1. Give me the count of lysine pairs in segment 48-188 whose alpha carbons sit under 17 angstrom apart, restricted to pairs 8 or more positions apart or on different chains.
2. Work out the charge dipole of the chain with +1 on the Cβ of Lys and Arg and -1 on the Cβ of Asp and Glu about the Cα centre, then indicate which of I149, Y138, S160 is farthest towards its positive end.
3. Let me check against my output: what whole-number percent is the relative contact order of segment 48-102, with C-alpha pairs under 8 Å and at least 6 apart?
4. Please pull out the direction-averaged projected area of the chain, using the convex hull of its alpha-carbon atoms, in nm² to one decimal place.
5. Which residue, K124, K107, K163, has the most motion in a Gaussian network model of the chain that connects Cα atoms within less than 10 Å?
6. Find the relative contact order for the chain and round it to a whole percent, using C-alpha pairs within less than 8 Å whose residues are 6+ positions apart.
7. Assign one of three labels to segment 1-105, namely rounded, prolate or oblate, based on the Cα gyration tensor with a ≥ b ≥ c the square roots of its eigenvalues; rounded applies when a/c is under 1.5, prolate when it is not and a/b is larger than b/c, and oblate otherwise.
8. Roughly speaking, to the nearest percent, how much of segment 1-122's 1.4 Å accessible area is carbon and sulfur?
Amino acid sequence: EIGYGLCVQFVSGDQHVICGTKDGRLVLVSVASGDILQELDVHESGAVLSISTRADGSGFCSGGSDKCVRFFDFELSDTNLLSMKHVRNLSMDEEILCVKFSNNPSKDPRKELIAVSTLDSTVKIYFNDSLNFFLSMYGHKLPVMSMDISSDDTLLVTASSDKNVKIWGLDFGDCHKSMFAHTDAIMS
């Protein structure tokens with residue numbers, strides 16, 4: 001029993017999942033037993049709306065209605081028990097609806113990106129190592145609810161409440177294609 005779950009993400013190795021809850025908790029659960037291994041009350045003033053794991057499996061980030069992206073590392077104890085350790089934050093001006101790590105095919109930590117969609121209908125891209133701002137994507141009329149980054153880190157696809165899907169270049173932030181996709185909001 002974890003309460004009202006809003007998002008979930010497998011941990012590398014598929015032995016654990018992280019659940020984000022409406023009351024701001026992150027819960028680490030064993031897939032095999034269903035046991036709760038750890039709970040962190042990190043988004044105290046709001047819900048956890050999105051979770052994304054790093055391509056190398058070493059950690060993850062979460063975004064929520066408290067206007068903060070929180071970053072975590074995974075740690076293994078001497079007895080091989082997995083745990084989550086909160087390491088840093090990225091404060092935003094708006095509620096965070098979706099976060100997504102790039103795939104970082106070059107394995108260069110300076111090229112790993114984090115995409116953040118906020119309630120103001122923009123997507124902002126940051127460098128993960130420094131959290132320095134890189135790009136903004138403007139063009140959706142309503143908030144971006146879901147997004148993904150291509151395996152070669154050249155494209156970002158966004159799905160919005162404005163019923164559109166857009167494909168963006170991650171080199172300059174330009175919109176390559178916009179598609180009216182549904183007759184109602186696109187949630188995922």
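The values are calculated or read from the model by the stated rules, or taken from the named source; none is laboratory data. Please read these numbers as outputs of a predicted model, since none were measured by experiment. All Cβ positions, glycine included, derive from the backbone under ideal geometry; neighbour counts span all protein chains shown. Side chains are part of the model used for accessible areas, which takes the heavy atoms of the whole protein and leaves out ligands, DNA and RNA. Shrake-Rupley method; radii C 1.70, N 1.55, O 1.52, S 1.80 Å.
1. Taking segment 48-188 as the scope, the lysine pair count is 13.
2. Working it through, the farthest residue towards the positive pole turns out to be Y138.
3. Relative CO of segment 48-102 lands at 39 percent.
4. 10.9 nm²
5. The residue that fluctuates most here is K107.
6. 11 percent
7. Cα axes put segment 1-105 in the oblate bin.
8. That fraction is 46 percent.
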